[in-house]
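The structure appears below as structure tokens.
The values are calculated or read from the model by the stated rules, or taken from the named source; none is laboratory data. Just so we're clear, the structure is a prediction, and the values are computed from it rather than from any experiment. Counting neighbours? That spans all protein chains shown, and the Cβs are built from the backbone with ideal geometry, glycine included. Just so you know, the surface numbers come from the protein's heavy atoms only, side chains and all, with ligands and any DNA or RNA stripped out. Shrake-Rupley method; radii C 1.70, N 1.55, O 1.52, S 1.80 Å.
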Protein chains: 6
Amino acid sequence: MPRVTVHRKAHFNAAHRLYRKDWSDDKNFEVFNKCSNQYFHGHNYELIVSLTGEISPETGYVYDLGVLRNLIKDEIEEAFDHKNLNIEVPEFKDLIPTAENISVVIYNKLRVHIPEDLDIKITLYETPRNFVSYSGE
Amino acid sequence: MPRVTVHRKAHFNAAHRLYRKDWSDDKNFEVFNKCSNQYFHGHNYELIVSLTGEISPETGYVYDLGVLRNLIKDEIEEAFDHKNLNIEVPEFKDLIPTAENISVVIYNKLRVHIPEDLDIKITLYETPRNFVSYSGE
Amino acid sequence: MPRVTVHRKAHFNAAHRLYRKDWSDDKNFEVFNKCSNQYFHGHNYELIVSLTGEISPETGYVYDLGVLRNLIKDEIEEAFDHKNLNIEVPEFKDLIPTAENISVVIYNKLRVHIPEDLDIKITLYETPRNFVSYSGE
Amino acid sequence: MPRVTVHRKAHFNAAHRLYRKDWSDDKNFEVFNKCSNQYFHGHNYELIVSLTGEISPETGYVYDLGVLRNLIKDEIEEAFDHKNLNIEVPEFKDLIPTAENISVVIYNKLRVHIPEDLDIKITLYETPRNFVSYSGE
Amino acid sequence: MPRVTVHRKAHFNAAHRLYRKDWSDDKNFEVFNKCSNQYFHGHNYELIVSLTGEISPETGYVYDLGVLRNLIKDEIEEAFDHKNLNIEVPEFKDLIPTAENISVVIYNKLRVHIPEDLDIKITLYETPRNFVSYSGE
Amino acid sequence: MPRVTVHRKAHFNAAHRLYRKDWSDDKNFEVFNKCSNQYFHGHNYELIVSLTGEISPETGYVYDLGVLRNLIKDEIEEAFDHKNLNIEVPEFKDLIPTAENISVVIYNKLRVHIPEDLDIKITLYETPRNFVSYSGE
């Protein structure tokens, strides 16, 4: 059967700051500039989850996008939406919530729920002009 | 010469339903939910056709995008636009018109018209949040 | 208090055809062209509902957009999404489902649920290039 | 001379929460739901500033959009970008930073810098699906 | 009958420069900055033409958008697309091709072809961040 | 460390024509059609620069997108924005400024400034419907 990639777009809003506890405020500002603001700033994150695999001859689906929508809602939106990533999301207790790291965390959270024969790719827009993608490599 | 991918975006509107004749209505609804509605629903499909190959030193083109626009118009828009995919498009007589299957049909319809040394990739948006891509694998 | 307009964007997919029962098929095709196709075609309708009124000094809201989202879901998406407008939506039994008429129907369906001191405007995209707007005039 | 509206789009990211100090946490949650999260959340705000006036016969401009870009940068982006609206922006010390109120604050901040014979309209996207507009009425 | 606005989006690419023959090059640069570049620069102009009038009870249309698409093609795209506005478009022989002036020229070119009982509004994007609108006032 | 791709979107406007000096005007028109117009036309080019590499455990960045933004500004926008590509950009003295060739020139201009262990991909939109991508192959 043909191998096709199916994509589902989702959305969450969150506050964050880029900051290392083991650096001084000056060092944090030098590296992360205004993104290190102690009072936080925030983003509308646009998320695309892409799954690659063979079309099922029974349903014509690679993966039911309604199921994927609900999985993203339960695993990602519930955990991240309207949250402060640094304070309220355990994965970022000791990990700087850059878009790069967020995309890896999202990948890992979804990987355990998606059949192994499907490849996963995460694309995450932090702003309309800055975005990242990660495929588990 | 450098290998570059050129992309052309197109558009068609169509009605469809997801439905297997050999399943009961209940089974169809269980699997395809409201997408199985017997009276059909429809979409504005956004299509991106991508061709990868070497730049021609003579023209600076990989493939003339005006020619590609006309090819998409003749082969895809003429066949699919303002049509009922299940009833009026022969390729879906015994094939469920999921976005996955539509992308494979489009790939196959274009493949015979595009020089063999060019790779083809199809990206098809069924809605702004649900889309698929297929590269002939 | 300042008068502000709040806007909420929503989405539904539907099938339709433009067709008058009291005209011949030829006359329908002459006026509505391929939009009169007897087997229907369809669209991803993008809907923007805009409400204008004074900011509440208590909440800083003109109207709670979460409430508006649910109202659009209950009154419009439930009635139109994944439906055949001609066959399954009673308002179009004797009314051609052009984008113009759909926008008026949506306005009227929402008007009874929105406080009278708020003005309503409907914007409805039938395709990314064709859209309409209606303010109850 | 013809009266034309010129529009300039800009962007800022900020954290906020919807919260009244004189209400209990429960009351805040009841009214503002997850938007009242004590640890804040955030948005990519997209801002459109629109000025309406006569075309200058000398320059063909209503207002130089390069000047408007810099004015938005100095007055709005400097004040709001990568900031916590509740804590760091004085206008919201006693004003809930709803999109409605933010649009009024932006209008007032720009009004004093724009010639009086030009009308101003503010459009502010809090998310791609929720936005507001204000014209000083 | 309800008054509705119908909108049609179109597109053309053109070169231009902002420049007055009766000013020195220095004066032109002072006012128009890099937009005065003697070798021209260019844009993808996105055009929205909006017509407001009563819905026809016969067709459910305010104005057939297929007819409007062809009118825009014949009157605007033919005249402007892939052209140098300063050199090849007679209306700009003595008129600076700012977005403001282009929108007025488009309005006037279409006004003579549109029934008098329909209001016209022109929206013209020079870039995704700079745009203008004109309603004949 | 995980390998992630970071993307930065930028923008420039330019005039160009597709034209070979060693061909007759007729031959140029035959191949390049209205794109060969001797008086030039122009585009709003949207540029996406993508860099792939390992996340730095120190900063959580693959590459600082603020640094990338400035690099694009200095190397690409300064050279191309509001310019006539054929006349004012030396790389196109003997190279037809098709989107394909522009993407290769941009790749080469950036390659020397980006660390060798990062892969680069260029995506260049000439119009919203025509775009190209190049990865140095």
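Just to be sure I understand, how many residues within the stretch D:43-88 are touching a residue at least 60 places away in the same chain (Cβ under 8 Å) and either in contact with a helix residue (DSSP H, G or I) (Cβ under 7 Å, 6 or more places away or on another chain) or among the hydrophobic types (A, V, I, L, M, F, W, C) (or both)?
Summing the residues that are touching a residue at least 60 places away in the same chain (Cβ under 8 Å) and either in contact with a helix residue (DSSP H, G or I) (Cβ under 7 Å, 6 or more places away or on another chain) or among the hydrophobic types (A, V, I, L, M, F, W, C) (or both) in the stretch D:43-88 gives 11.
Could you please find all residues in the stretch C:64-91 being surrounded by 21 or more Cβ atoms within 10 Å (Cβ to Cβ) and either modelled with pLDDT under 95 or away from chain B (no Cβ under 12 Å) (or both)?
Within the stretch C:64-91, C:L65, C:L68, C:I72, C:I76 meet the criteria.
Go through (1) crowded, with 20+ Cβ neighbours inside 10 Å; (2) at pLDDT below 95 for B:E137 and report which single condition fails.
(1)
Within the stretch C:92-111, is there a residue that is on the phi < 0 side of the Ramachandran plot, touching a residue at least 24 places away in the same chain (Cβ under 8 Å), more than 11 Å from every other protein chain (Cβ to nearest Cβ) and open to solvent by 10 Å² or more (accessible area, probe 1.4 Å)?
Looking for residues that are on the phi < 0 side of the Ramachandran plot, touching a residue at least 24 places away in the same chain (Cβ under 8 Å), more than 11 Å from every other protein chain (Cβ to nearest Cβ) and open to solvent by 10 Å² or more (accessible area, probe 1.4 Å), one finds at least one in the stretch C:92-111, hence yes.
Scan the stretch D:39-50 for residues that are open to solvent by 20 Å² or more (accessible area, probe 1.4 Å), of a type outside the set (D, E, K, R) and at the interface with chain A (Cβ under 9 Å from one of its Cβ atoms) and jot them down. First the steps, then the outcome.
At the first step, the residues of the stretch D:39-50 found to be open to solvent by 20 Å² or more (accessible area, probe 1.4 Å) are D:39-40, D:46, D:48.
Going one step further and asking which of them are of a type outside the set (D, E, K, R), we end up with D:39-40, D:48.
Within the stretch D:39-50, D:Y39, D:F40 qualify.
Of everything in the stretch C:9-20, what is open to solvent by less than 30 Å² (accessible area, probe 1.4 Å) and in a strand (DSSP E or B)? Give them in sequence order.
Hits for the stretch C:9-20 are C:A10, C:F12, C:N13, C:A14, C:A15, C:H16.
Before we move on, is E:E116 touching a His at 6+ places or on another chain (Cβ under 7 Å) and at pLDDT 95 or above? Don't jump to the end; show me each part of the working.
Working: touching a His at 6+ places or on another chain (Cβ under 7 Å): no; at pLDDT 95 or above: yes.
No.
Test of understanding: among D:G42, D:G53, which residue is modelled with pLDDT of 95 or more, over 24 Å from E:I102 (Cβ atoms) and of a type in the set (G, A, S)?
None of the others qualify; the one that does is D:G42.
Can you name every residue in the stretch C:51-63 that is open to solvent by 10 Å² or more (accessible area, probe 1.4 Å) and either over 14 Å from D:E137 (Cβ atoms) or aliphatic (A, V, I, L, M) (or both)? Break it down stepwise before answering.
Pass one, the stretch C:51-63, residues open to solvent by 10 Å² or more (accessible area, probe 1.4 Å): C:52, C:54, C:56-59, C:61-63.
Of everything in the stretch C:51-63, those that are open to solvent by 10 Å² or more (accessible area, probe 1.4 Å) and either over 14 Å from D:E137 (Cβ atoms) or aliphatic (A, V, I, L, M) (or both) turn out to be C:S56, C:P57, C:E58, C:T59, C:Y61, C:V62, C:Y63.
Can you tell me which residue is nearest to C:A14 (Cα to Cα) among those in the stretch B:21-38 that are of a type outside the set (D, E, K, R) and open to solvent by 70 Å² or more (accessible area, probe 1.4 Å)? Full working, then the answer.
Within the stretch B:21-38, the subset of a type outside the set (D, E, K, R) is B:23-24, B:28-29, B:31-33, B:35-38.
Of the ones still in play, those that are also open to solvent by 70 Å² or more (accessible area, probe 1.4 Å) are B:29, B:33, B:38.
Numbers: B:F29: 17, B:N33: 15, B:Q38: 12 Å.
Among residues in the stretch B:21-38 that are of a type outside the set (D, E, K, R) and open to solvent by 70 Å² or more (accessible area, probe 1.4 Å), the one nearest to C:A14 (Cα to Cα) is B:Q38.
Which ones in the stretch C:1-30 are out of contact with any helix residue (DSSP H, G or I) (no Cβ under 7 Å at 6 or more places or on another chain), away from chain B (no Cβ under 14 Å) and in contact (Cβ under 8 Å) with a residue 12 or more places away in the chain?
C:M1, C:R3, C:T5, C:H7, C:D25
Within the bounds of the stretch F:21-41, is there any residue that is within 30 Å of F:E58 (Cβ to Cβ) and among the hydrophobic types (A, V, I, L, M, F, W, C)? Before the answer, list the steps.
Filtering the stretch F:21-41 down to residues within 30 Å of F:E58 (Cβ to Cβ) leaves none.
Scanning the stretch F:21-41, I find no residue that is within 30 Å of F:E58 (Cβ to Cβ) and among the hydrophobic types (A, V, I, L, M, F, W, C), so the answer is no.
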